[in-house]
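Written below as structure tokens is the structure these notes are about.
The values are calculated or read from the model by the stated rules, or taken from the named source; none is laboratory data. Just so it is clear, the structure is predicted and the values come from calculations on it, not from any experiment. With ideal geometry, Cβ positions are generated from the backbone for all residues, glycine too; neighbour counts draw on all protein chains shown.
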């Protein structure tokens, strides 16, 4: 699953981080897991995380002695509203407009 469309007009690294976090769901990801998923150097990842944190798009929590990064709830799309994978964008628009 990917982050909501309104959050996709950001830097590529930030979008990749949001997508990885949304994909992981409620478990969150450590910085090392994010680095592996996004495949960028640590400085680039830190800059992206700082920007996302300042915009309140991510949350950082400590769970069982490990620090994880989670997407803010408003970034995660509602699965009931997401178009089916085999459904085209045009079909999704038609359904939404009731055509």
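The set of residues from the stretch 46-66 being in contact (Cβ under 8 Å) with a residue 12 or more places away in the chain and outside any helix (DSSP H, G or I) comprises 56, 57, 58, 59, 61, 63, 66. Filtering the stretch 34-46 for residues that are in contact with a strand residue (DSSP E or B) (Cβ under 9 Å, 6 or more places away or on another chain) and surrounded by 18 or more Cβ atoms within 10 Å (Cβ to Cβ) leaves a non-empty set. Of (1) modelled with pLDDT of 90 or more; (2) under 12 Å from the mean Cα position of the chain (by Cα); (3) surrounded by 16 or more Cβ atoms within 10 Å (Cβ to Cβ); (4) not in a loop (DSSP other than H, G, I, E, B), residue 10 satisfies all except one. Which? So the condition that residue 10 fails would be (4).
Considering only residues that are assigned to a helix (DSSP H, G or I) and in contact (Cβ under 8 Å) with a residue 12 or more places away in the chain, look in the stretch 34-45 and name the one that is nearest to residue 67 (Cα to Cα). Break it down into steps so the answer makes sense when it comes.
Step one: of the stretch 34-45, the residues assigned to a helix (DSSP H, G or I) are 34-38, 42-45.
Among the residues that remain, those that are also in contact (Cβ under 8 Å) with a residue 12 or more places away in the chain are: 34, 37-38, 44-45.
On the way: 34: 12, 37: 17, 38: 18, 44: 19, 45: 15 Å.
Among residues in the stretch 34-45 that are assigned to a helix (DSSP H, G or I) and in contact (Cβ under 8 Å) with a residue 12 or more places away in the chain, the one nearest to residue 67 (Cα to Cα) is 34.
Note on the stretch 16-33: residues that are part of a helix (DSSP H, G or I) and surrounded by 18 or more Cβ atoms within 10 Å (Cβ to Cβ) total 8.
Residues that are touching a helix residue (DSSP H, G or I) at 6+ places or on another chain (Cβ under 6 Å), at pLDDT below 95 and over 18 Å from residue 8 (Cβ atoms) occur in the stretch 30-39; there is at least one.
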